[in-house]
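This report refers to the structure that appears directly beneath it.
The values are calculated or read from the model by the stated rules, or taken from the named source; none is laboratory data. Keep in mind that what you see is a predicted model, and the values were worked out from it rather than measured. Note that each Cβ is placed from the backbone with ideal geometry, even for glycine, and that neighbours are counted across all protein chains shown.
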Amino acid sequence: MRKSRLNLVPGFLLVAAAAAMWGTDGVLRVPLISDIPSGMLVFLEHAILVLVTIPFLRGVIPTLRGLNRGDWIALLFIGAGASAVATALFTESFTYGEFTTTLLLQKLQPVVVLVGAWWILGERPLRKYWLFFVPAVGGAWLITFSNPFGASIEEATPALLALGAAGLWGMGTVLGRRLIPKIEFKQLTALRFLIGLPAAGIIVTLQSDWSVLEILTAGDFFGTATTPSGITVPGGLILLAGVPGLIALLSYYRGLRTTPAISATLAELTFVLSAVTLNYFFLESVPDGSQWVGVIVLSGAVVAMGIAAATRRSDAIGVVVPAEPLVREPV
């Protein structure tokens, strides 16, 4: 049977490509939050994604019947926590205007993944892993603040929101790696959005934001409603749901099939590089000297690990994995 071309692409690169697409999130999300509250924005994203991914759920029932209690907990956490709550925290943090801080505090996400993957998945870092981990996280830290050793108090609230999102997304990576051998990657993507939708609805209810639907009538929504940049609200929502949402998640879960979680989390730092570049051009968030150094250091670490990952051997990227988790490629 002929192998798919996609099977020839190392999983690390697919995760990195997904993370680069996540970097577009800020540019697309910031104009929308002036018209749509954070909780409602997340709800509308999930509603669009559920409609689009319904076909992916064909044949999912037998798969779900084969899940154990731990798998179900992981699936619910991914949908409600990593998808809905984390995205709501991330969106809310943008309302404070600290765009670079919000985007780049994801530097702690690898730490969450490292601990979670060690405890839940049995993945172990070798000495070589730290040659990638330390400069990657160190570079991300340099990028985070204009003064990396003295963040101002104005950054505290968006930072806490971003850290909450990073923690939830980090555990989402670990639990996604647990589930991906059991659930086909398209189905897992669809289930993430399907479970996330009612969770997002609860967030909207708690924030009392359902009234915003009154101003998003059919005529306005599809006609005159625009963001300050002139992009229509539906156009912005579709791009937000489509690029950092659907396309990125499909690439991410496809790559996660053959990538240990503690390696995937470093590939995810491509998000930081993409975000800082796009913020520079579109949001006029200009990095200073130390932040540019961080960009260089982080870029070098991600590229080096990507080259090592091309060998398709976990020891080349400094990771020991249990005998079973890396699953057979589909054909």
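The table below gives the values:
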{"read-out": "Meets criteria (surrounded by fewer than 20 Cβ atoms within 10 Å (Cβ to Cβ) and either modelled with pLDDT of 85 or more or closer than 17 Å to F271 by Cα (or both)) for L41", "value": "no"}
{"read-out": "Exclusive hit being within 28 Å of V52 (Cα to Cα) and crowded, with 24+ Cβ neighbours inside 10 Å, set L269, L278, L250", "value": "L269"}
{"read-out": "Qualifying residue in region 58-70 (condition: crowded, with 19+ Cβ neighbours inside 10 Å and either modelled with pLDDT of 85 or more or acidic (D, E) (or both))", "value": "no"}
{"read-out": "Verdict on E92 being at pLDDT below 85 and either surrounded by 23 or more Cβ atoms within 10 Å (Cβ to Cβ) or among the hydroxyl-bearing types (S, T, Y) (or both)", "value": "yes"}
{"read-out": "Of residues in region 279-327 being farther than 16 Å from P260 by Cβ and part of a loop (DSSP other than H, G, I, E, B), the one modelled with the lowest pLDDT", "value": "L283"}
{"read-out": "Among the residues listed as L191, L168, L163, the single one being aliphatic (A, V, I, L, M) and modelled with pLDDT under 90", "value": "L163"}
{"read-out": "So V276, is it within 18 Å of Q109 (Cβ to Cβ), at pLDDT 85 or above and not in a loop (DSSP other than H, G, I, E, B)", "value": "no"}
{"read-out": "Top-ranked residue of region 95-119 - restricted to ones that are surrounded by fewer than 24 Cβ atoms within 10 Å (Cβ to Cβ) and hydrophobic (A, V, I, L, M, F, W, C), ranked as modelled with the lowest pLDDT", "value": "F99"}
{"read-out": "When residues of region 56-69 are limited to those that are in contact (Cβ under 8 Å) with a residue 40 or more places away in the chain and not in a loop (DSSP other than H, G, I, E, B), the one farthest from A241 (Cα to Cα)", "value": "T63"}
{"read-out": "Single residue of T173, T205 found to be surrounded by fewer than 16 Cβ atoms within 10 Å (Cβ to Cβ) and modelled with pLDDT of 80 or more", "value": "T205"}
{"read-out": "Residues (outside any helix (DSSP H, G or I) and buried (at least 21 other Cβ atoms within 10 Å of the Cβ)) located in region 11-36", "value": "G23, I36"}
